[in-house]
1. Report, by residue number, each residue of the range 19-38 that is touching a residue at least 40 places away in the same chain (Cβ under 8 Å) and either of a type in the set (Phe, Trp, Tyr) or within 28 Å of residue 118 (Cα to Cα) (or both).
2. From (1) in contact with a Phe, Trp or Tyr (Cβ under 6 Å, 6 or more places away or on another chain); (2) in contact (Cβ under 8 Å) with a residue 24 or more places away in the chain; (3) more than 22 Å from residue 41 (Cβ to Cβ), pick out the condition that doesn't hold for residue 208.
3. So if I check each of 129, 165, which one is within 21 Å of residue 188 (Cβ to Cβ) and in contact (Cβ under 8 Å) with a residue 12 or more places away in the chain?
4. Just to verify a result, which residue in the range 122-171, among those that are surrounded by fewer than 15 Cβ atoms within 10 Å (Cβ to Cβ) and among the charged types (D, E, K, R), is farthest from residue 55 (Cα to Cα)?
5. Do you know which of the residues in the range 49-87 that are at pLDDT 90 or above and either touching a strand residue (DSSP E or B) at 6+ places or on another chain (Cβ under 6 Å) or aromatic (Phe, Trp, Tyr) (or both) is nearest to residue 156 (Cα to Cα)?
6. Mind listing just one residue for me: the one in the range 32-91 that is hydroxyl-bearing (Ser, Thr, Tyr) and either more than 12 Å from the chain's Cα centre (by Cα) or over 20 Å from residue 143 (Cβ atoms) (or both) and, of those, surrounded by the fewest Cβ atoms within 10 Å (Cβ to Cβ)?
7. Within the range 38-129, which helices (runs of 4 or more DSSP H) (wholly inside it) include 3 or more residues that are more than 21 Å from residue 27 (Cβ to Cβ), among the hydroxyl-bearing types (Ser, Thr, Tyr) and in contact with a helix residue (DSSP H, G or I) (Cβ under 7 Å, 6 or more places away or on another chain)?
8. Does residue 158 satisfy the condition of being farther than 16 Å from residue 80 by Cα, part of a helix (DSSP H, G or I), hydroxyl-bearing (Ser, Thr, Tyr) and without any contact (Cβ under 8 Å) to a residue 60 or more places away in the chain?
Amino acid sequence: MLNAIIMNMEENMEIYRKPVFTKQWLCVRVLFVTGLSLFMTIVACGFDALALGRKEEFLLKKEVYILLTDSIDFCFALIFVTMMTLIVMEIAYRRCLNYLQYGLTACALCIFYLLLLAMAEKMPFWLAYATVVTMTVTLITWYCKCITGNRGFSGLVSVVLALEYGLVLTLVYIGSLALLIGSLSIFVLLSLSMFLSLRLKVENNELLFKKL
């Protein structure tokens, strides 16, 4: 009898549960991550100025400085895409991240450039880049795993980050082909966004991903 009452209460709670992943929630999240990405990009520009000072003091080689500043040019895109990925995965996996957790993740993505500057003074740029990417991806993957308790969530985050950093390194090194590769990457990203938007449905005022 008691078990039946408890089950009935749980069913009623599920019915009257306040929707979390609503359209309003999505709008607020997108506005927040856009502002956060812009702020972190401004901070990263400060690292660019720091790198210039280190170059003028002959602590940083000119060619390394150019590679570093070129990588900072992609800061906003990298942070914004990562933040949007987290939003999509929140909906897909029904796991909530709070604003502090978004902020700390963005800080890790921003501090990447400071670490890259520090290590690029002491070792080849590609080695410094690989080292800092490994550190950053490992940290954020571990953090997402601790927050959500879901290996699929954290695993996809690590894959997205690895692809992003790999693409940035490619764009930095290929020079004249950067515009072509960058444009194609944007097209692929737009195509993926359009596909995901087709799967995004609203049921009972709740955003859900459904099969096409």
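The values are calculated or read from the model by the stated rules, or taken from the named source; none is laboratory data. Treat the numbers as computed from the prediction; the structure is a model and nothing was measured. With ideal geometry, Cβ positions are generated from the backbone for all residues, glycine too; neighbour counts draw on all protein chains shown.
1. Within the range 19-38, 21, 25, 32, 33, 34, 36, 37 qualify.
2. All conditions are met except number (1).
3. Going through 129, 165 in turn, the sole match is 165.
4. Result: 151.
5. Restricting to residues being at pLDDT 90 or above and either touching a strand residue (DSSP E or B) at 6+ places or on another chain (Cβ under 6 Å) or aromatic (Phe, Trp, Tyr) (or both), the top hit is 80.
6. To start, the set of residues in the range 32-91 that are hydroxyl-bearing (Ser, Thr, Tyr) comprises 34, 37, 41, 65, 69, 71, 82, 85.
So of that shortlist, the ones also either more than 12 Å from the chain's Cα centre (by Cα) or over 20 Å from residue 143 (Cβ atoms) (or both) come out as 34, 41, 65, 69, 71.
On the way: 34: 14, 41: 20, 65: 19, 69: 17, 71: 23.
The residue in question is 34.
7. Working: elements: 62-72, 75-93, 99-120.
Qualifying helices (runs of 4 or more DSSP H): 62-72.
8. For residue 158, the condition - farther than 16 Å from residue 80 by Cα, part of a helix (DSSP H, G or I), hydroxyl-bearing (Ser, Thr, Tyr) and without any contact (Cβ under 8 Å) to a residue 60 or more places away in the chain - is not met.
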